[in-house]
Every structure is written in structure tokens, then in C-alpha cells.
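*Asks:* Sending over a structure as C-alpha cells; questions will come in a sec.
Read the figures in this text as sums done on the coordinates, not as results from a lab. All values derive from a computational prediction rather than experimental measurement. Glycine also receives a Cβ, built like all others from the backbone with ideal geometry; neighbour counts cover every protein chain displayed.
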Amino acid sequence: MLLVDSNVFIYARGRHKRSKPCRDFLARAAAHPEWAVPFLVLLEVTHYFADNGAYARLISGAFPTVETLVADFYWGMDNSGTHVDLNDHVLLATANRLGASGVVSYDRIFDRQQHFPEVRRLDPEALA
């Protein structure tokens, strides 16, 4: 299982050098039922776009969704250094709990983390 981080969905809707690779990656989702989106990511995307969940509904229709538990949130709070990386730590805890082998993301914090070495970051461009 791979979990997809919010930045992939955010770049996919934008006009950025990372937008096309993210759209290409997302276009392959139907062929990869092992790619999943945690509930936390749906919240992040909804907050970012302030669209009452319209984009999150599209995402959850294209990807299996997995729960983000309160225990994941508490682990993230206990192990993140700042509020800036809290969501990434919650995502990391979710990935570990589910036995995911990686997180598809541009966030390099997943490269530096040492809590769960078996959870690695995969660049969306490498999977596009």
C-alpha cells in the first residue's frame, strides 16, 4: 500500500512545474487499487481549496480512503517538532499503522524521518 499526500492533489490542480507530473500520476490511480488516501489528506485538501469538500469527494471516488485515527494524531503531536510538520507526522503514523510501504509526496520530511525507516517517500514524478 502507498498513501498519497495532499501536496500531490494540490499541485495537480495548479499551474506549477509539478502540476503535470501530479496529474499524470493521478491518471494512473484506477490501475493501482493499492494506492490510498487517508482521511487527513481529504481534510487538508478541503481546507486548502476552501471548496466545501468538492475536490475531496472527487478524490475519494478515485482512491480507496483509509481512516486517520486519534491515535495517529496523538503520535504526530508527540513526535513532530513544530506545527508545520504535524500533519506529515500524523500521515507517517497512519502509514506505519496500516503497514504502508511508502508515502507519495514532495515533502522531504519523509526522507529524513527515522521513526519508521520502512516507510519511504516516493516522488510522484517517478510514478507518473
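*Asks:* Going through the DSSP H helices of the chain, which span 27 Å or more along their own axis at the Cα atoms while scoring at least -0.5 as a mean Kyte-Doolittle hydropathy?
*Replies:* Working: long enough: none.
Helix filter hits for the chain: none.
*Asks:* Still on this model: Please report the net charge: other residues with Cβ closer than 12 Å to the Cβ of residue 95, K and R +1, D and E -1.
*Replies:* Working: positive: 97, 120, 121; negative: 5, 72, 88, 118.
Neighbour charge sum, excluding residue 95 itself: -1.
*Asks:* Would you mind working out the magnitude of the charge dipole of the chain relative to its Cα centre, with +1 at each Lys and Arg C-beta and -1 at each Asp and Glu C-beta, to the nearest 20 Debye?
*Replies:* Value, rounded to 20: 520 debye.
*Asks:* Could I ask something else about it? Can you list residues from other chains, or at least 5 along the same chain, whose modelled amide H is less than 5 Å from the amide H of residue 121?
*Replies:* For residue 121, whose amide H was placed from the backbone, the distant partners under 5 Å are 103.
*Asks:* Obtain the radius of gyration and the Kirkwood radius of the chain from its C-alpha atoms and give Rg over Rh.
*Replies:* Numbers: Rg = 13.5 Å, Rh = 14.5 Å.
So for the chain, dividing Rg by the Kirkwood Rh gives 0.93.
*Asks:* Please name whichever of 11, 122, 37 sits farthest to the positive end of the charge dipole of the stretch 2-127, dipole taken about the Cα centre and charges placed at Cβ: Lys and Arg +1, Asp and Glu -1.
*Replies:* In the stretch 2-127, that residue is 11.
*Asks:* Order of 90-103, 112-125 by packing, highest average Cβ count within 10 Å first? Display every interim value, and only then the final one.
*Replies:* Details: 90-103: 20.9, 112-125: 14.1.
The packing order, highest mean first, is 90-103, 112-125.
*Asks:* Further, regarding this structure: Can you compute the helix-only [θ] at 222 nm over the chain? Use -39500 (n - 2.57) per DSSP H run of at least 4 residues, normalise by all residues, nearest 500 deg cm²/dmol. Present the calculation step by step, with values, prior to reporting the outcome.
*Replies:* On the way: 8 runs with 67 residues, N = 128.
Only helices count here, giving -14500 deg cm²/dmol.
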